[in-house]
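Accompanying notes for the structure given below.
The values are calculated or read from the model by the stated rules, or taken from the named source; none is laboratory data. As the structure is a computational prediction, the values presented were derived from the model and not from experiment. Backbone-built Cβ (ideal geometry, glycine too); neighbour counts: all protein chains shown. Each accessible area value is taken on the protein alone, full model and side chains, heavy atoms only, with ligands, DNA and RNA left out. Shrake-Rupley method; radii C 1.70, N 1.55, O 1.52, S 1.80 Å.
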Amino acid sequence: MTGNSLRYLRLLLWGGVLVAGLGASWFFLLGGGAGPDRSELVTDELGRGDYRLITTEGKEFTQDSLAGQPALVFFGFTHCPDVCPTTLADIAGWKEDLGDRADALRVFFVTVDPQRDTLEVLHAYTSWLPGVIGVTGSAREIARALEAFHIYARKVPLEDGEYSMDHSAYVMLFDRDGRFDQVIAYQEDPERVLSKLRHALEAAR
């Protein structure tokens, strides 16, 4: 994806925000919910748990799926009006800046909305970004994953009878052994993010 095409994609995504985000709160845009303090995330147990989900590649997603090579894990949902498309566009930019090294970085987009986000829906939503793997499952298994990753998610009813989701808005970086490394904050400075990613990829060699 070229720089021009990425900028065009961002314009399209933010155009969608202006339409779909009229009912979204600034609270959701800036943080995506209360959730745990980020200092509580610094634990080797993050991502560890008895959850069994399924990916858009048709493979099982468990705690063991995090091992093998560095990975980014982001929880969101396909009807998300702002934070999720913005974060995916940011990830596309990071991968472009990493060049060939981006192939060694996996990205998992785990839904917080299993009611609407089927495998087919997730595949269509993530297919524009090479290397991004959608993850879903039953409501019970998603709940287990939310607990394992310390993710906040809450259904928010809308006036039209539909609903949105408040959720944690950060991305989590895991090392090649599947251990939690650190948080990448929403809209964090790209140079800082690239430094984190390059360090993780170098350590995985």
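Near VAL107, the amide H atoms lying under 5 Å from its own belong to LEU72, ILE133; only residues 5 or more places off or on other chains count, and H is placed 1.01 Å from N.
Packing here is the average count of other Cβ atoms within 10 Å per residue, and on that basis the peptides 162-169, 148-155, highest first, run 162-169, 148-155. The residues of the stretch 139-195 expose on average 51 square angstrom of accessible surface per residue, using a 1.4 Å probe on protein heavy atoms. Estimated at the nearest 10 Å², the accessible area of ARG144 is 80 Å² with a 1.4 Å probe. Packing order of peptides 137-143, 190-196, 106-112, 60-66, highest average first: 106-112, 60-66, 137-143, 190-196 (average count of other Cβ atoms within 10 Å over each peptide's residues).
Only lysines eight or more places from LYS196 in sequence, or on another chain, were considered; those with a Cα closer than 21 Å are LYS95.
Rounded, prolate or oblate: which one fits the stretch 53-143, using the alpha carbon gyration tensor with axes a ≥ b ≥ c (rounded when a/c is under 1.5, else prolate when a/b beats b/c, else oblate)?
Since a/c reaches 1.5 but b/c is at least a/b, the shape of the stretch 53-143 is classed as oblate.
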